[in-house]
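Step one of this worksheet: look at the structure below.
The values are calculated or read from the model by the stated rules, or taken from the named source; none is laboratory data. All values derive from a computational prediction rather than experimental measurement. Cβ placement follows ideal geometry from the backbone for every residue including glycine, while neighbour counts extend to all protein chains displayed. SASA here: full protein model, heavy atoms, side chains in, ligands and nucleic acids out. Shrake-Rupley method; radii C 1.70, N 1.55, O 1.52, S 1.80 Å.
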Amino acid sequence: MRKAPDLVKLRNVGFVAHIDAGKTTTTERILYYTGKSHKIGEVHDGAAVMDWMAQEQERGITITAASTSCFWKHKDQINQINILDTPGHVDFTVEVERSLRVLDGVVVIFCGVGGVEPQSETVWRQADHYRVPRMAFINKMDRTGADFYAVLEQMSDILRTTPACINIPLGKEEDFKGVIDLILMKALVFESESLGADVIEADIPDEYKEQAEIEREKLLETLTLFDDELLELVLNESEISQDQIRESVRKGCLNNKITPTFCGSAFKNKGIQPLLDGIIDFLPSPLDLPPVKGEDMTGKKELSRRPDAKEPLAALLFKIQADSFARTINYLRIYSGTLKIGEQVFNPIKNKSERVGKIFLLHANKREEVETATAGEIVAVVGFNHSTTGDTICKKGSEIILERIESPIPVISIAIEPKTKVDQERLNDCLKRLEMEDPSFSVGKDKETGQIVISGMGELHLDILVDRLKREFKLNVNTGKPQVAYRETIETKAEVTEVFDKQIAGKSVYASCTLVLEPNTGEEKNRIEFNPDLEIAGEIEQIVREGIQEGFLSGVISGYPVLYVKVLVKGVDYKEEELNLTAFKIAASLALRKCLLKGNPVLLEPIMKVEVTTPIEFTGDIIGDLNSKKGRVKSIEEKKDVQILSVSVALSTMFGYLTILRSLSQGRATFSMMFDHYEKVHLS
């Protein structure tokens with residue numbers, strides 16, 4: 001039987017960044033230097049190991065989070081690193097969200113030229129939400145315009161973090177040779193003949209000594225802000241050992257007080273080995289983190305599980321992948337206990353038992369079958385039939401429900417239909433599988449036309465999914481033009497009492513429900529509350545809640561989902577002899593609909609945060625075009641010879657914007673766009 005990993009030597013790490021900052025290139029070098037790959041795969045050649053999907057290889061971008069394991073020897077100890085390489089494009093942000101939910105530590109990669117870009121900021125905030133300790137790697141230091149210190153400043157100003165430089169660049173732009181290690185106080189040069197595998201340690205060249213001394217002083221000064229022991233050593237001018245500095249950096253990183261920062265050029269094979277050492281030295285093992293918290297099945301009692309194979313099983317299903325052979329592959333992060341092939345496990349959210357058919361360790365799209373998996377591991381399981389993304393897997397009798405993964409709201413839709421009638425049933429089945437796999441993708445029907453409508457995070461997201469239907473499922477489809485996914489809300493408070501009093505199957509049924517509906521300002525999610533003085537059975541409360549939640553799915557203006565409302569269930573009434581749970585569900589749903597009609601309903605549209613990077617001479621024309629789309633320019637920032645425009649603009653005006661931007665800037669400007677918030681549609 002396979003030996004369980006030593007948790008002290010285990011790191012579950014993700015690589016996150018803005019698109020094209022070099023995540024996959026960095027991961028490829030790590031696989032090469034750790035001996036997992038025997039040659040370096042390049043993204044631009046479509047040969048990267050971690051970008052295994054045909055769509056990823058063609059477009060040169062990461063679409064799905066890929067998982068792998070490798071081993072790195074550091075200080076005479078062999079450590080296991082489980083890596084998740086995540087997408088950088090905003091359309092696939094759910095992949096980052098669910099990866100961050102299960103990772104112990106993160107390496108955020110910044111481009112030495114672009115610095116802190118929009119998606120870098122988004123993933124940083126996601127990591128803040130899950131309180132994940134992180135390190136930074138400033139990549140592409142060999143590029144023209146790369147500025148290490150400018151990126152540090154942006155990290156402080158935009159991300160509100162405290163960078164702690166572990167190394168600084170040796171040379172600049174095309175003269176970038178390696179790094180200066182501020183703990184060792186040595187220069188590290190990476191031999192090009194061995195593709196960077198041989199690292200030469202040398203004295204710091206004279207012209208860099210002063211800068212290195214200054215940066216080392218800054219590092220110690222940063223560490224003394226939260227490490228009293230180190231502060232005492234500094235004040236007494238005592239000798240500070242390398243291990244003491246490393247321990248202090250580790251402490252600060254685990255408490256999210258600092259961000260250990262490295263630099264290099266992944267493409268030129270420089271700076272990767274110090275980064276690997278940093279992952280082992282500074283990021284947490286499963287044992288460094290507090291026990292995972294959850295609730296019992298009633299939702300009223302808090303439970304916790306320690307990362308121990310002897311504890312009861314607690315695992316989170318964070319991703320589902322459609323598979324042509326196994327139908328579905330379920331990605332699990334095991335927080336406690338042991339998982340074995342053939343055993344029965346329990347899903348408390350669905351209240352269903354599942355059987356573990358097979359367990360795999362993953363290396364991109366390759367699989368290694370194992371008999372058991374234990375606390376701290378990330379594995380794939382085959383055999384589940386009822387579970388979906390965000391569900392908890394545990395043992396019957398030791399139930400626990402872990403925090404679920406929040407999915408972003410789709411903002412764009414297209415109509416889709418099969419090219420032949422024969423494929424209609426197959427299309428429905430394939431769309432169900434893709435919807436199960438991707439929580440940010442949804443399938444619905446247009447009430448007026450009866451057409452199937454698919455919704456996602458952006459044009460690229462839907463383009464990839466349609467492409468997958470053609471390639472993976474051999475299904476030819478026609479698609480309509482992209483449409484905005486609107487939402488509905490109310491502007492005023494409304495109260496309604498709805499009575500359901502009818503005969504069902506010859507039996508009298510009576511239920512009354514009083515709802516108070518008001519705008520839920522400041523929060524995107526809808527809230528359902530019950531009057532504290534209301535005394536009702538748990539099953540009635542549950543069915544009323546279900547009726548309201550179903551009502552949220554279709555608004556009263558055009559049938560779009562409802563957002564930003566708070567519902568108070570003020571009262572319910574029933575007759576014991578005429579009690580029927582379905583009647584409560586209908587009464588609650590009808591009461592909600594009448595409240596929506598009475599509450600001055602309005603239509604909401606998605607407003608996007610757009611960032612345009614352009615040479616200065618085209619700024620005027622681009623701003624003029626964005627003003628014509630009623631865009632609001634929030635800021636204009638100058639960086640070297642380009643300007644960065646941050647604009648808030650309605651998604652409905654942005655279809656086909658790439659073509660317009662290219663024509664306005666002779667093809668030299670670029671833009672990124674992400675969902676920001678919903679706003680009332682102003683008809684003009």
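When the listed pairs 507/570; 493/525; 257/395 are checked against a 29 Å cut-off, the alpha-carbon distance exceeds it for 257/395. For residue 579 and residue 218, the FRET efficiency from 1/(1 + (r/R0)^6), where r spans their Cβ atoms and R0 equals 51 Å, is about 0.10.
Seen against the Cα atoms of the chain and their longest principal axis, helix 459-471 is set at about 80 degrees. When the convex hull of its Cα atoms is viewed from all sides, region 196-278 shows a mean projected area of 6.6 nm². Computed from backbone phi with θ = phi - 60° and the Karplus coefficients 6.51, -1.76 and 1.60, the 3J(HN,Hα) list for region 430-435 is 5, 5, 4, 5, 5, 5 Hz; x is used for glycine and proline.
Cα convex hull, the chain: 195 Å³ per residue, rounded to a whole number.
Each Lys and Arg Cβ is given +1 and each Asp and Glu Cβ -1; about its Cα centre, region 379-480 then shows a dipole of about 380 debye.
Scalar couplings 3J(HN,Hα) for region 499-509, obtained by applying the Karplus form with A = 6.51, B = -1.76, C = 1.60 to θ = phi - 60°, are 10, 10, 9, 9, 9, 10, 6, x, 10, 5, 10 Hz; x denotes Gly and Pro. Accessible area per residue (1.4 Å probe, heavy atoms of protein chains only) ranks 464, 636 as 636, 464, with the largest value leading.
In this structure the chain gives 45 Å² per residue of accessible area when probed at 1.4 Å with all protein chains present. The slack between residue 593 and residue 550, meaning 0.36 nm per residue of separation minus the straight C-alpha distance, is 14.4 nm. For the pair region 504-582 / region 146-160, the C-alpha centres are spaced 49 Å from each other. Charges were assigned to the Cβ only: +1 to each Lys and Arg, -1 to each Asp and Glu. The resulting dipole of region 148-231 about its Cα centre is roughly 240 debye. Working from the Cα coordinates of region 133-208, the gyration tensor eigenvalues give, after taking √(5λ), semi-axes of 23, 14, 12 Å in decreasing order. Within the full protein context, the accessible area of residue 575 is estimated at about 80 Å² for a probe radius of 1.4 Å.
By accessible area, using a 1.4 Å probe on protein heavy atoms only, the chain has 48% of its surface on carbon and sulfur. Sorting the Cα pairs of region 108-239 by distance into bins of 5 Å, from 0 upward, gives 2, 9, 16, 19, 19, 16, 12, 6, 1, 0 percent per bin.
Accessible surface of residue 191, taken over heavy atoms with a 1.4 Å probe and every protein chain present, rounds to 60 Å². Between the helical axis of 23-33 and the longest alpha-carbon principal axis of the chain there is an angle of about 50 degrees. Largest first and in whole Å, the equivalent-ellipsoid semi-axes of region 487-646 read 49, 14, 12, each the square root of five times a Cα gyration tensor eigenvalue. For residue 79, nonlocal amide neighbours, meaning residues 5 or more places apart or on other chains whose placed amide H falls under 5 Å from its own, are 72, 73, 74.
Label-to-label distance for residue 156 and residue 629 is 3.5 nm, based on points extended 7 Å past Cα in the beta-carbon direction. The antiparallel fraction among DSSP beta bridges confined to the chain stands at about 80%. In the chain, helices alone account for a calculated mean residue ellipticity at 222 nm of -8000 deg cm²/dmol, with every DSSP H run of four or more residues adding -39,500 (n - 2.57). Any idea which of 596, 499, 339 is furthest toward the positive side of the dipole for the chain, if Lys and Arg beta-carbons carry +1 and Asp and Glu beta-carbons -1? Result: 499.
In the assembled protein chains, residue 144 presents an accessible area of approximately 110 Å² (probe radius 1.4 Å). Phi angles across region 97-107 convert, under the Karplus curve 6.51 cos²θ - 1.76 cosθ + 1.60 with θ = phi - 60°, into 3J(HN,Hα) values of 4, 6, 5, 4, 4, 10, 8, 8, x, 9, 10 Hz, Gly and Pro given as x. Between residue 165 and 261, the built amide H atoms are under 5 Å apart, and every one of these is 5 or more places off in sequence or on another chain. Each Lys and Arg Cβ is given +1 and each Asp and Glu Cβ -1; about its Cα centre, the chain then shows a dipole of about 2400 debye. Relative to the longest principal axis of the Cα atoms of the chain, the long axis of helix 538-552 makes an angle of roughly 80 degrees.
When 543, 557, 78, 416 are compared by accessible area at a 1.4 angstrom probe, the order from most to least is 78, 557, 543, 416. Sorting 419, 566, 680 by accessible area puts them as 419, 680, 566; the probe is 1.4 Å, largest comes first, and only protein heavy atoms count.
Which of rounded, prolate or oblate describes region 65-182 when judged by the alpha-carbon gyration tensor and an a/c cut-off of 1.5? Because a/c hits 1.5 or more and a/b fails to exceed b/c, region 65-182 counts as oblate.
Residues whose amide H comes within less than 5 Å of that of residue 375, counting only those at least five positions distant or on another chain, are 309, 337 (H built at 1.01 Å from N in the peptide plane). Each label point was placed 7 Å from the Cα along the Cα-to-Cβ direction; for residue 429 and residue 296 their separation is 4.3 nm. Seen from residue 268, the other residues with C-beta closer than 11 Å to its C-beta sum to a net charge of +3, counting Lys and Arg as +1 and Asp and Glu as -1. Which entries of 36/319; 301/396; 75/310 have Cα-Cα distances beyond 19 Å here? Result: 36/319; 75/310 exceed 19 Å.
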